[in-house]
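Okay, structure first, notes after.
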Amino acid sequence: MNERQLIEYITTLVGPMDGRLIQGIGDDCAVIAKNDHEVWLLTMDTLIESVHFDCAFHPPEKLGRKAVSVNVSDIGAMGGKPLFVLLSVGMPPGFDESWFKAFAQGLNDACREYGCLLIGGDTVASPQGLNFCLTVIGEAAVDQVVYRSGARPGDVIWVSGPLGLAAAGLELLHRGMIDREDFGPLYEKHLNPRARVELGERLGKTGLAHAMMDLSDGLATDLAHLCKRSGVGARLTSSALPGIAPLDEAARLCHADTLQWMIGGGEDYELLFTAAPESENSLRVIGEQCGLALASVGTIVHGEGVLLLRQLPDGRTEERAVTYGGFDHFRNGEGRGDGGRRAV
Ligand SMILES: Nc1ncnc2c1ncn2[C@@H]1O[C@H](COP(=O)(O)OP(=O)(O)O)[C@@H](O)[C@H]1O
Ligand SMILES: Cc1ncc(C[n+]2csc(CCOP(=O)(O)OP(=O)(O)O)c2C)c(N)n1
Ligand SMILES: [Mg+2]
C-alpha cells in the first residue's frame, strides 16, 4: 500500500457522518460546524527524524518554527485563521536539553507570529529518534472555507510563489554544500518555510479561490488530489512554473533536474488554488498586498489527471502525464523520505 491507498483504506472504515461534521478525511483540514455561521478547522501533521528532518543540519530553533508552519499552512489552505496548537513531543532518552529549549523557543515564537497559542499536548520517550506531532485548531466563517473540491473547467491554476526551493535546499544540505550565500533562499525554504496564512484568509474572505490546498508533496501530487476531488483534469505549462535564479545552478551542482524539483520535490508550502480567469487582476493585487508574486501555471480542464506541457527545442509540444508524481511516504513500499530524488 502506498500513502494514498493507506488513507483510502482507513476512510472506508469510518462510520456514518456526524451531523456537525461538514468535511472529514480528504481535505487539508476537517471542518466542524461551530454555530450557524462559523466553523472549526482541525489539522495534524508530524515531523519524524530522518524522514522530515536531519539534525546534522537542521538548527532546532528552525525546526520548531517549521513544525508550526507546516501545520498552520493547512488552516490557511482552507481560508481560515489558526488559533490553538496541541503539541506531542517524543524524545530519545538522554536528549540534549539545550537542543530541546531552542526547539521549544522556535515553536513558541512561530505560534506568536501566526497568532496562535499552545494549549496542550503530550510528552513521551521515543527509543528511535525525535518526533513531533502538532494539531492546530482554526476558525473561519462557513462561507469563507475553500475546499479542494471546487475547481471548474476553465479555471486558471495559481501558485503563491516559487517552487522547488525546498527540494533543492535539502539536496544541497545533504551533500554538505552549505555555505553558498546565493543558495540562502533554498536552504531557508527547507529549514524554515513560511506558511501563506494571510493570503489563504484573504482568498477565503474574497471568495476568489474556487478550490485551494497547500503544496506539501509537490505540484504533481497535490494538483492530482485537487483534481480528483473536483472531478476535473489539469494542464500545466512547464515554462510558467515559477522558480528563482539559483535553482538551475543548484541543479547543475547536484546533477538534478530543476523541473523535477518544481513538480515533484515537495515541501514548498505555497498555496495552490484555482480561480476564474476574470479574477486575475484582483488576485495580483491581493498577492502584492501579501508580499507574494502569484503565478498562473495552467488551466483546469474536463477529464482527469495532470498533464505537463513542455515546448521542445524543435518547436513541438511534449505532453507528459505527471499525476501523483510527487512525494509519497510509502511509494514502492520504501517507507522513507527520499522526495525530490525520483524521476516523475
Ligand atoms: N492516519 C490517518 N487517519 C485518518 N485520516 C488521515 C490519516 N492520514 C491522513 N489523513 C487525512 O487524509 C487527508 C490527506 O492527508 P495528507 O496527505 O497528510 O494531507 P495534508 O497534505 O493536508 O497534510 C487529510 O484529510 C488527512 O486528515
Ligand atoms: C531528512 C529528510 N529527508 C527527506 C525529506 C523530504 N520530505 C520528507 S516528508 C516530505 C513531504 C511532506 O511531508 P508529509 O508528511 O507528506 O506532509 P503532508 O503532505 O502530510 O502535509 C518531503 C518532501 C525531508 N524533509 N527531510
Ligand atoms: Mg498530513
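The values are calculated or read from the model by the stated rules, or taken from the named source; none is laboratory data. Note that the structure is predicted; figures quoted are calculated from it, not measured. Glycine also receives a Cβ, built like all others from the backbone with ideal geometry; neighbour counts cover every protein chain displayed.
Taking segment 154-183 as the range and being outside any helix (DSSP H, G or I) and among the acidic types (Asp, Glu) as the test, the residues that pass are ASP155, ASP179. For beta carbons closer than 7 Å, sequence separation of 6+ or different chains, a first residue in segment 265-284 that is on the phi > 0 side of the Ramachandran plot and assigned by TED's automatic domain parsing to the domain that holds SER216 and a second that is among the charged types (D, E, K, R) and within 16 Å of ligand 3 (Cβ to nearest atom), the qualifying pairs are GLY266/ASP217; TYR269/ASP214.
What about MET17, is it under 21 Å from SER230 (Cα atoms) and either more than 14 Å from ligand 3 (Cβ to nearest atom) or at pLDDT 95 or above (or both)? Talk me through it step by step, then tell me what you get.
Working: under 21 Å from SER230 (Cα atoms): yes; either more than 14 Å from ligand 3 (Cβ to nearest atom) or at pLDDT 95 or above (or both): yes.
Yes; evaluated as a whole, the condition is true for this residue.
Mind listing just one residue for me: the one in segment 64-75 that is more than 12 Å from ligand 3 (Cβ to nearest atom) and in contact (Cβ under 8 Å) with a residue 60 or more places away in the chain and, of those, surrounded by the fewest Cβ atoms within 10 Å (Cβ to Cβ)?
The first filter runs over segment 64-75 and keeps only residues more than 12 Å from ligand 3 (Cβ to nearest atom), leaving 64-69, 72, 75.
Retained after the next criterion (residues that are in contact (Cβ under 8 Å) with a residue 60 or more places away in the chain): 65-69, 72, 75.
Numbers: ARG65: 25, LYS66: 26, ALA67: 25, VAL68: 27, SER69: 22, VAL72: 31, ILE75: 29.
Here the residue is SER69.
The residue of segment 7-35 that is surrounded by the fewest Cβ atoms within 10 Å (Cβ to Cβ), among those that are within 7 Å of ligand 1 (Cβ to nearest atom) and in contact (Cβ under 8 Å) with a residue 60 or more places away in the chain, is GLY26.
Checked against (1) touching a Cys at 6+ places or on another chain (Cβ under 6 Å); (2) within 12 Å of ligand 2 (Cβ to nearest atom), PHE53 passes all but condition (1). Considering only residues that are surrounded by 14 or more Cβ atoms within 10 Å (Cβ to Cβ), more than 20 Å from the chain's Cα centre (by Cα) and assigned to a strand (DSSP E or B), which ones fall in segment 113-136? LEU118, GLY121, listed by residue number. Is it the case that some residue within segment 145-163 is farther than 30 Å from SER239 by Cβ and at pLDDT 95 or above? Yes, segment 145-163 has at least one match.
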